[in-house]
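A.B. asks: My questions will all concern the structure given below.
The values are calculated or read from the model by the stated rules, or taken from the named source; none is laboratory data. Keep in mind that what you see is a predicted model, and the values were worked out from it rather than measured. Here the Cβ positions follow ideal geometry from the backbone for every residue, glycine too, while neighbour counts run over all protein chains shown. Surface accessibility is based on the protein's heavy atoms, side chains included, excluding ligands, DNA and RNA. Shrake-Rupley method; radii C 1.70, N 1.55, O 1.52, S 1.80 Å.
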Amino acid sequence: MAISLFDMLKIGIGPSSSHTVGPMAAAHRFVQILAQSAQLSSVRRITIDLYGSLGATGPGHGTGPAVLMGLEGHLPDSVDPARVPARAGEIDHHRQLKLNGEVAIEFDVARDLHFRPETTLPFHANGLRFTAYDNDHQALEQRTLYSIGGGFVVEEEAAGDDRLVDDRSDLPFPFTTATELLAHCQRHGLSMAEVMLANEQTWRAPDDIRNGILAIWQVMQDCVHNGIRAQGCLPGGLGIQRRAAALHTKLTSLEQQALIAPSLSALDWVNLYALAVNEENAGGGRMVTAPTNGAAGIVPAVLHYYWHWCPGADEDGVVRFLLTAAAIAILFKENASISGAEVGCQGEIGSACAMAAAGLAAVTGGSPRQVENAAEIGMEHHLGLTCDPVGGLVQIPCIERNAVGAVQAINAALLALRGNGDHVVSLDKVIRTMRDTGADMLDKYKETAHGGLAVNVTEC
């Protein structure tokens, strides 16, 4: 299986890659199947069944509106985030859905959109089933898809073959483990970023790769900027107030008064960057899965730290940072999981921390072995982290968890850079341990909102 940086770092919308981005993409795929098979004009009704974790926390993650937008022909990277709630409300009020933006059908949200938390489909906790009916109430088409984390979607037939994507491209430097990745680096005298860049050229020209990566960086910067400007209460009913705007005002004032030691000031700003991104995510804004929405603040926060606090930072460094981070993300995708519904939050926050630590180590002079060590440290100290969102919302503990993870990523990079790359626990071993820990973890700690903080915090 060949995975690109642009698979791991997707432009999408909040609040969840597995519960919002993936379901929208799955619904879009289903309606395209109908269009390509010339069945679209014959559809008179569609039903959607959301199983397992999607059924349990889908209402708090915007799964319903996301699916409706996908059926109307929208994709996560191009849909207007501000338009989604209003359009979903219109569909509910008028009881009419416009399939692929072309065919109007009657759609009753209460009748046709079903949340089924009590049933988990065999392959993955995030299962969706779409059924299209004709005028005689006969099923025209039925597809079962899975949203497996990070915005990845796989159809039931592919799931049976254990395939995540159809791309079988021959890469110049194929790798599925950190050991293989380091071997390429050592044998050819390349950095991890250079290995990734060579592989990316299987699909895109060098200028297109660079421009695409810088476009991702721009979305990350815009997300931080929007998060800093936005104020008020986050949606969902928990009454969580946005903090980034007030923190930005306070930090600016304190810096002007020179009341904060420089080292502490840097960490304050890292916290701000992460909070801004994840508040935007919780509010349904535009952001980048890195590698998921729930952990989307860590890589941008550490990349902003590099940009603002590391001498000599430039766009070439941003490109190297994200190429390196994507290489690490692929290792998690290949050998474990980045889905909180499958392995808990260790698979989201832990993998993002490893990605950011590796990226920072790479652009601040780290050797491939030191970069691998930074990623290992970042993941090792998130082992066992549960996914227990209060109210099924990506707010508590998710927003602060990103700030903590970003600071840990910086420290992981520092620890690795102060060593020579030698360490007892390899990245491959810690990824395998994360996978096994996730398999042993009770389902109530896997994005179901049935355990941990989700049941021990009283909702107001």
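A.B. asks: Looking only at segment 103-118, which residues are modelled with pLDDT of 95 or more and not small (Gly, Ala, Ser)?
C.D. replies: Those that are modelled with pLDDT of 95 or more and not small (Gly, Ala, Ser): Val103, Ile105, Glu106, Phe107, Asp108, Val109, Arg111, Asp112, Leu113, His114, Phe115, Arg116.
A.B. asks: Consider Gly64 carefully, then state whether it is under 15 Å from Gly127 (Cα atoms) and either assigned to a loop (DSSP other than H, G, I, E, B) or in contact with a Phe, Trp or Tyr (Cβ under 7 Å, 6 or more places away or on another chain) (or both).
C.D. replies: Numbers: under 15 Å from Gly127 (Cα atoms): yes; either assigned to a loop (DSSP other than H, G, I, E, B) or in contact with a Phe, Trp or Tyr (Cβ under 7 Å, 6 or more places away or on another chain) (or both): no.
Spelling it out, it is not the case that Gly64 is under 15 Å from Gly127 (Cα atoms) and either assigned to a loop (DSSP other than H, G, I, E, B) or in contact with a Phe, Trp or Tyr (Cβ under 7 Å, 6 or more places away or on another chain) (or both).
A.B. asks: Let me ask another. Tell me, which helices (runs of 4 or more DSSP H) lie completely within segment 176-246 with 2 or more residues that are more than 19 Å from Val363 (Cβ to Cβ)?
C.D. replies: Hits in segment 176-246: 178-188, 206-229.
A.B. asks: Just the residues that are of a type outside the set (Val, Ile, Thr), open to solvent by 10 Å² or more (accessible area, probe 1.4 Å) and assigned to a loop (DSSP other than H, G, I, E, B), please, taken from segment 416-446.
C.D. replies: Arg418, Gly419, Asn420, Asp422, His423, Ser426, Met441, Leu442
A.B. asks: Using beta carbons and a limit of 7 Å, which pairs, at least six apart or on different chains, have the first residue in segment 200-217 and within 19 Å of Met287 (Cβ to Cβ) and modelled with pLDDT of 95 or more and the second one exposed (fewer than 13 other Cβ atoms within 10 Å of the Cβ) and among the aromatic types (Phe, Trp, Tyr)?
C.D. replies: none
A.B. asks: Only one of these is within 19 Å of Ile216 (Cβ to Cβ) and either over 19 Å from the mean Cα position of the chain (by Cα) or not in a helix (DSSP H, G or I) (or both): Ile46, Ile3. Name it.
C.D. replies: Residue meeting the stated conditions: Ile3.
A.B. asks: What's the total number of residues in segment 389-410 that are open to solvent by 30 Å² or more (accessible area, probe 1.4 Å) and hydrophobic (A, V, I, L, M, F, W, C)?
C.D. replies: Of the residues in that region, 3 qualify.
A.B. asks: Only helices (runs of 4 or more DSSP H) wholly contained in segment 314-402 count here; list those with 3 or more residues that are more than 18 Å from Asn199 (Cα to Cα) and at pLDDT 95 or above.
C.D. replies: The helices (runs of 4 or more DSSP H) meeting that bar are 315-335, 349-363, 368-380.
A.B. asks: Residues of segment 99-120 being surrounded by 13 or more Cβ atoms within 10 Å (Cβ to Cβ), among the charged types (D, E, K, R) and in contact with a Gly (Cβ under 8 Å, 6 or more places away or on another chain), which ones?
C.D. replies: Arg116
A.B. asks: For a quick check of your reading of the model, give me the residue pairs whose first member lies in segment 225-236 and is small (Gly, Ala, Ser) and at pLDDT below 95, whose second is crowded, with 16+ Cβ neighbours inside 10 Å and not in a helix (DSSP H, G or I), with beta-carbon atoms closer than 8 Å and at least 6 apart or on different chains.
C.D. replies: Within 8 Å, the pairs are Gly236/Leu393; Gly236/Gln395.
A.B. asks: In addition: Name the one entry in Ala449, Ala413 that is in contact with a helix residue (DSSP H, G or I) (Cβ under 7 Å, 6 or more places away or on another chain), on the phi > 0 side of the Ramachandran plot and crowded, with 17+ Cβ neighbours inside 10 Å.
C.D. replies: On inspection, the qualifying residue turns out to be Ala449.
A.B. asks: Being charged (D, E, K, R) and either under 15 Å from Arg116 (Cα atoms) or open to solvent by less than 10 Å² (accessible area, probe 1.4 Å) (or both) is the filter here; which residues of segment 32-77 pass it?
C.D. replies: Within segment 32-77, just Asp49 meets the criteria.
A.B. asks: I'm checking my understanding of the structure. Among residues of segment 354-381 that are surrounded by fewer than 24 Cβ atoms within 10 Å (Cβ to Cβ) and within 21 Å of the chain's Cα centre (by Cα), which one is nearest to Val457 (Cα to Cα)?
C.D. replies: His381
A.B. asks: Which of the residues spanning segment 8-31 are open to solvent by 10 Å² or more (accessible area, probe 1.4 Å) and in a loop (DSSP other than H, G, I, E, B)?
C.D. replies: Lys10, Pro15
A.B. asks: Another question about this same structure. Using beta carbons and a limit of 6 Å, which pairs, at least six apart or on different chains, have the first residue in segment 333-349 and more than 18 Å from Gly451 (Cα to Cα) and the second one open to solvent by less than 20 Å² (accessible area, probe 1.4 Å) and of a type in the set (Val, Ile, Thr)?
C.D. replies: Here the result reads Asn335/Ile431; Ala336/Ile431; Ser337/Val343; Ile338/Thr292, each pair linking segment 333-349 to a residue that is open to solvent by less than 20 Å² (accessible area, probe 1.4 Å) and of a type in the set (Val, Ile, Thr).
A.B. asks: With the requirement that a residue be within 15 Å of His61 (Cα to Cα), assigned to a loop (DSSP other than H, G, I, E, B) and open to solvent by 10 Å² or more (accessible area, probe 1.4 Å), what does segment 286-311 give you?
C.D. replies: Gly294
A.B. asks: Return the only residue of Val455, Val407, Val430 being over 28 Å from His304 (Cα atoms) and either modelled with pLDDT under 95 or of a type in the set (Val, Ile, Thr) (or both).
C.D. replies: Val455
A.B. asks: Failed condition for Phe321, given (1) surrounded by fewer than 17 Cβ atoms within 10 Å (Cβ to Cβ); (2) of a type in the set (Phe, Trp, Tyr); (3) under 21 Å from Ser4 (Cβ atoms), with all others met?
C.D. replies: Of (1) surrounded by fewer than 17 Cβ atoms within 10 Å (Cβ to Cβ); (2) of a type in the set (Phe, Trp, Tyr); (3) under 21 Å from Ser4 (Cβ atoms), only one is false for Phe321: (1).
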